[in-house]
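Peer 1: Pasting in a structure now, in structure tokens, and then I'll have a few things to ask.
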Amino acid sequence: MGVFKRLAFALTFWFAVLSSSMAGIFAQDRWVQFSDTSLTFLVGTNFELTGKRVDTLSLEHVSGWTWGDLFLFLDVTNFHDNPKSGGSWYGEFSPRFSLSKLGGLELGKNGFVKDILVSTTFERGKNGIEALLLGGGR
């Protein structure tokens, strides 16, 4: 079994286990306001740059917490026509921290600024691709 198939199997297995067991835990958790996770398998053909057949397995998660929110994803790609590459992966982990939720601030319910968010993203991919991004939002 190739690396892509082993990883796809492992992700599918853990997604099934976590989604069934975590649903009950998150429903009772006072820290989590909402949560959604998806696993998608995409197959494409006749790409100009990457080859005739490409498979991508994507895991995505979004959740709202009492401290802010979180989005993350992981893409695992298999290039069937490129034996040198074999495959690739890339993911992002993006928590945002709400200053009004963390600090108990009330910033005007009808005003232009209702909250101030500290946005962060950590990106990581195959072959050492890595970045840390920091920013703000309202």
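Every number in this text was worked out from the coordinates using simple rules, so none of it is lab data. What you see is a predicted model; the values in this text were computed from it and never measured. We place every Cβ from the backbone using ideal geometry, glycine too, and count neighbours over all the protein chains shown.
Peer 1: With the cut-off at 1.5 for a/c, could you classify region 72-135 from its C-alpha gyration tensor as rounded, prolate or oblate? Walk me through the numbers on the way to the answer.
Peer 2: Values: a/c = 5.11, a/b = 3.70, b/c = 1.38.
Prolate.
Peer 1: Listing Lys101, Lys52 from the residue with the fewest other Cβ atoms within 10 Å to the one with the most, what is the order?
Peer 2: Working: Lys101 15, Lys52 12.
Ascending Cβ contact count within 10 Å gives the list Lys52, Lys101.
Peer 1: Taking the beta-carbon count within 10 Å as an exposure proxy, list Arg96, Arg53, Arg138, Arg30 from fewest neighbours to most.
Peer 2: Neighbour counts put them in this order, fewest first: Arg30, Arg138, Arg53, Arg96.
Peer 1: Among Ile116, Ile129, rank each residue by its count of other Cβ atoms within 10 Å, from fewest to most, as a rough exposure measure. Before the final figure, lay out each step's value.
Peer 2: Details: Ile116 15, Ile129 11.
Least to most surrounded, the residues fall as Ile129, Ile116.
Peer 1: Let me ask something additional. Test of the criteria: in region 97-129, which chymotrypsin sites (Phe, Trp or Tyr not before Pro) are in a DSSP loop and have at most 14 other Cβ atoms within 10 angstrom of their Cβ? Intermediate values should be presented prior to the final figure.
Peer 2: Working: sites: Phe97, Phe112, Phe122; in loops: Phe112.
Loop-located and lightly packed - Phe112.
Peer 1: List the GluC sites (Glu not before Pro) in region 87-133 that DSSP assigns to loop (not H, G, I, E or B) and whose Cβ has at most 15 other Cβ atoms within 10 Å. Which are they? Let's see the in-between values first.
Peer 2: On the way: sites: Glu92, Glu106, Glu123, Glu130; in loops: Glu106.
Listed in order of number, the matching sites are Glu106.
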